[in-house]
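Since the structure comes first, as structure tokens, the remarks are kept for the end.
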Amino acid sequence: MSQNNSRQSGRADVGVIVVAAGSGQRLGLGIPKARVLCAGRTLLEHALQGVLAAGVADVVVVVLPPGDDVLSAVVAREADIAQGHQVLAVTGGRTRTASVRAGLEALPSSIRTVLVHDAARALTPPGVFRRVSEAVAAGMAAVIPVVPVVDTVKIVQGNMVTETPDRAALRAVQTPQGFDRATLLAAHAGEASDDPRVTDDAMLMEAGGVGVHVVDGDPLAFKVTTALDLVVAEAVLARVIPAQPRPATD
Ligand code: CTP
Ligand code: MG
């Protein structure tokens, strides 16, 4: 499959849910993170470009903050120019888990495999989408992309270290995370889905006893969380990724 950024048609039974309904508290700019500009375009536009370029799915459901006209317009524009893809917008919930559930409810019944992706991982390369979707297609019910942990990590209680986990066994987790749709729906129906400590869908799978497989992630799939991450994303776009021609929309 071509590695360029042209928009490719994906598999008809694969859907991607892009969660973009968060408020971006840690970025601290006073607007939803997906709406923040990076090299002149919103993080949501960067994220959707990656999703569509990956060519793994025909259906993309974008989960937005309530009443966000700017992001609704971004999705409408993408829907217009995304040849061969169906791009829908739905409203998210108070937690990431609730937003994923809103996306799941909007997926057409024909979808059998779901990739859940953070809009905040706006520069995720197409190869990560492909590795995840290929692993699910090969029969794994839950697949997550991971990268090695570079820092030494401590478990702390109060202001005291209680343990130092073996770094060689630790991985940092990224998105897209890929799942068999029915298994993901069952996991979201379980008790753990109300736990505010749940930060990704793989945790719900683990709580339900489903085996979660890992594939290689990519440093460029980092999450824009803080102001420093935004600076890094700007630098990546300026220096590494040449500007992509955009179709005229008006
Ligand atoms: N997300 C969502 N709905 C929520 C919370 C988060 O769709 N209620 C999405 C975010 O838009 C983001 C992804 O989940 O793409 C990962 O969340 P995070 O990085 O925590 O984003 P925010 O919640 O927006 O940031 P913060 O936690 O700093 O407020
Ligand atoms: Mg958050």
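Every read-out reported here was derived from the displayed coordinates using simple, explicitly stated rules and does not represent laboratory data. None of these values were measured; they are calculated from a predicted model. With ideal geometry, Cβ positions are generated from the backbone for all residues, glycine too; neighbour counts draw on all protein chains shown.
Largest first, the three principal axis extents of the alpha carbons in the chain are 59, 39, 37 Å in whole numbers. Cβ-to-Cβ counts within 10 Å put V63, V36, V156 in ascending order as V156, V36, V63, the fewest first.
Here the relative contact order of the chain, from alpha carbon pairs under 8 Å that lie six or more residues apart, stands at 22 percent. Between the residues A189, V60, A120, the greatest Cα displacement towards the positive end of the dipole of the chain, with unit charges on the Cβ of Lys, Arg, Asp and Glu, is found for A120. Here the spin labels are modelled as points 7 Å beyond Cα on the Cα-Cβ line, and at A76 and S109 they lie 3.0 nm apart.
Once the C-beta distance of T226 and R197 is scaled by a Förster radius of 22 Å, the resulting FRET efficiency is 0.60 to the nearest 0.05.
The Kirkwood hydrodynamic radius of the range 83-133, based on inverse pair distances between different Cα atoms, is 12.7 Å.
Distances between placed amide hydrogens fall under 5 Å for G55 paired with Q8, all partners being 5 or more residues away or on another chain. Determine by what factor the alpha-carbon radius of gyration of the range 1-130 differs from 2.2 N^0.38 Å, reporting the quotient. That works out to 0.97 for the range 1-130. Computed extension length for D69-I155: 26.7 nm, one decimal, from 0.36 nm per residue of separation with the Cα-Cα distance subtracted. Bridges between two residues of the range 9-167, per DSSP, are antiparallel at a rate of about 20%.
In summary, no helical segment of the chain meets the span-like criteria, namely a full DSSP H run, a Cα extent along the axis of 20 angstrom or more and a mean Kyte-Doolittle hydropathy of at least 1.0.
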